[in-house]
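Visitor: Below you will find the structure I want to go over with you.
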Amino acid sequence: MKYLMRQSRRAISLFLLITFSLSALFYFLIIHTGKLGSGFGIYITGLMWCPAIAALITTRIFERKVSGLGWQWGNPKYQLWSYLVPLLYVLAAYSITWATGVGRFYNDDFVSHVSASFGWDQLPKGVVIALYIILTGVFGMAESAARALGEEIGWRGFLVPELYRITNYTATSLITGIVWSLWHFPILLYADYNSGTPAWFALSCFIVSVVSISFVYTWFRLRSNSLWTGVLLHASHNLFIQSIFTPLTKDTGNTKYFIDEFGLVLPLVCICVAVFFWNKRADLIKN
């Protein structure tokens with residue numbers, strides 16, 4: 001047992017070393033331009049696939065089976081809930097934002113842009129919004145999942161099971177969440193992966209959000225034994241925030257301090273969701 005625990009610690013250390021070493025190249029390229037979308041999005045895609053490459057290299061070095069990363073689909077109900085849970089907590093966060101008036105539904109300029117882009121100029125705005133949400137929520141998942149897969153092979157495919165071998169659900173969730181948030185710091189501080197709020201404020205909100213939702217990702221990964229729950233959670237989270245709810249929210253002056261992963265509301269909702277899943281930790285069986 002002690003030997004296996006030492007092996008896991010060594011594997012985790014190597015994985016993190018490779019991940020951050022590979023990521024350094026893409027940090028440099030993105031920071032040099034100051035934009036996540038630079039290089040036609042190739043830089044950010046490359047960055048998001050660094051954890052996957054690191055996981056595969058580490059697995060090879062330690063002579064682990066690649067199948068141990070959780071490629072099996074698992075029970076479909078966990079995959080369905082992995083898509084829906086981010087929608088529910090993001091919807092809750094933005095509903096609070098709109099109801100309190102710190103942000104307003106909807107952003108007419110964005111909706112007009114959508115109408116022109118899709119050729120829906122003659123349709124009522126409500127219909128345009130509904131169609132956009134449906135089409136983006138369904139077909140936008142493909143692109144979002146392709147990028148999320150790179151991170152999730154590393155974070156939930158490799159790191160979570162390795163940590164769970166040597167510790168418990170709570171510690172696994174906390175450590176993974178902290179590592180995951182730290183990995184984002186360079187592009188948050190030195191590129192445009194933020195909402196324009198002061199760095200200390202954006203970092204604080206982001207850390208709370210990411211560490212909190214790590215409890216959700218970890219629970220689904222361990223319960224389903226599938227990394228695809230992480231892919232769907234990650235893809236759904238990014239898609240509904242970045243492509244739907246944030247663009248649909250009209251700025252009322254200080255809205256950036258309340259919306260997205262860098263505002264106040266989402267972290268508070270994510271804490272509630274984390275507590276809910278933490279209370280369900282007894283559902284997990286230590287393998």
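The values are calculated or read from the model by the stated rules, or taken from the named source; none is laboratory data. On a predicted model such as this, the values are computed, not experimentally measured, just so you know. Don't worry about glycine lacking a Cβ; one is built from the backbone with ideal geometry, like all the others, and counts go over all protein chains shown. Ligands, DNA and RNA are stripped out before the accessible areas are found, and what is left, the full protein with its side chains, is counted by its heavy atoms. Shrake-Rupley method; radii C 1.70, N 1.55, O 1.52, S 1.80 Å.
Visitor: Has the range 30-38 got any residue that is in a helix (DSSP H, G or I), more than 15 Å from Trp183 (Cα to Cα) and aliphatic (A, V, I, L, M)?
Guide: no
Visitor: Just checking, which of Ser38, Ser67 is without any contact (Cβ under 8 Å) to a residue 60 or more places away in the chain, open to solvent by 60 Å² or more (accessible area, probe 1.4 Å) and of a type in the set (S, T, N, Q)?
Guide: Ser67
Visitor: Which pairs turn up if I take residues in the range 11-31 that are more than 18 Å from Phe62 (Cβ to Cβ) and look for partners that are open to solvent by 50 Å² or more (accessible area, probe 1.4 Å) with beta carbon separation below 7 Å, at least 6 apart in sequence or on another chain?
Guide: Matching pairs, first to second residue: Phe26/Tyr43; Leu29/Tyr43; Ile30/Tyr43; Ile31/Tyr190.
Visitor: Just checking, which of Ala55, Ala24 is open to solvent by less than 20 Å² (accessible area, probe 1.4 Å), modelled with pLDDT of 95 or more and in a helix (DSSP H, G or I)?
Guide: Ala55
Visitor: Find the residue count for the range 109-136, including only residues that are in a helix (DSSP H, G or I), charged (D, E, K, R) and open to solvent by 70 Å² or more (accessible area, probe 1.4 Å).
Guide: First, the residues of the range 109-136 that are in a helix (DSSP H, G or I): 109-118, 125-136.
Then keep just the ones that are charged (D, E, K, R); that gives 109, 125.
So of that shortlist, the ones also open to solvent by 70 Å² or more (accessible area, probe 1.4 Å) come out as 109.
Residues flagged as in a helix (DSSP H, G or I), charged (D, E, K, R) and open to solvent by 70 Å² or more (accessible area, probe 1.4 Å) within the range 109-136 amount to 1.
Visitor: In the range 231-261, how many residues are among the aromatic types (Phe, Trp, Tyr) and either modelled with pLDDT under 95 or closer than 28 Å to Trp71 by Cβ (or both)?
Guide: Taking the range 231-261 as the starting set, the residues that turn out to be among the aromatic types (Phe, Trp, Tyr) are 240, 245, 257-258.
Subsequent filtering for residues that are either modelled with pLDDT under 95 or closer than 28 Å to Trp71 by Cβ (or both) retains 240.
Final tally of qualifying residues: 1.
Visitor: Hey, could you check the range 1-21 for residues that are buried (at least 19 other Cβ atoms within 10 Å of the Cβ) and of a type in the set (A, V, I, L, M, F, W, C) and say which is farthest from the chain's Cα centre (by Cα)?
Guide: The qualifying residue farthest from the chain's Cα centre (by Cα) is Ala11.
Visitor: Do any residues in the range 234-248 that are in a helix (DSSP H, G or I) and of a type in the set (Phe, Trp, Tyr) have Cβ atoms under 6 Å from those of residues that are open to solvent by 10 Å² or more (accessible area, probe 1.4 Å) and modelled with pLDDT of 95 or more, where the two are at least six apart or on different chains, and which pairs are they?
Guide: As it stands, the answer is Phe240/Leu87, since those pairs meet every condition given.
Visitor: Oh, and also: Give just the number: which of (1) touching a Phe, Trp or Tyr at 6+ places or on another chain (Cβ under 7 Å); (2) at pLDDT below 95 does Trp180 not satisfy?
Guide: For Trp180, the failing item is (2).
Visitor: Right, Arg104: open to solvent by 70 Å² or more (accessible area, probe 1.4 Å), of a type outside the set (A, V, I, L, M, F, W, C), closer than 19 Å to Trp180 by Cβ and in contact (Cβ under 8 Å) with a residue 60 or more places away in the chain or not?
Guide: No.
Visitor: Then there is this: Taking the condition part of a helix (DSSP H, G or I), out of contact with any Ser or Thr (no Cβ under 6 Å at 6 or more places or on another chain) and more than 24 Å from Thr45 (Cβ to Cβ), does Phe276 pass?
Guide: Yes.
Visitor: I'm trying to understand the selection: among the residues of the range 74-95, which are open to solvent by 80 Å² or more (accessible area, probe 1.4 Å) and either within 18 Å of Ser144 (Cβ to Cβ) or of a type in the set (A, V, I, L, M) (or both)?
Guide: Leu80, Trp81, Leu88
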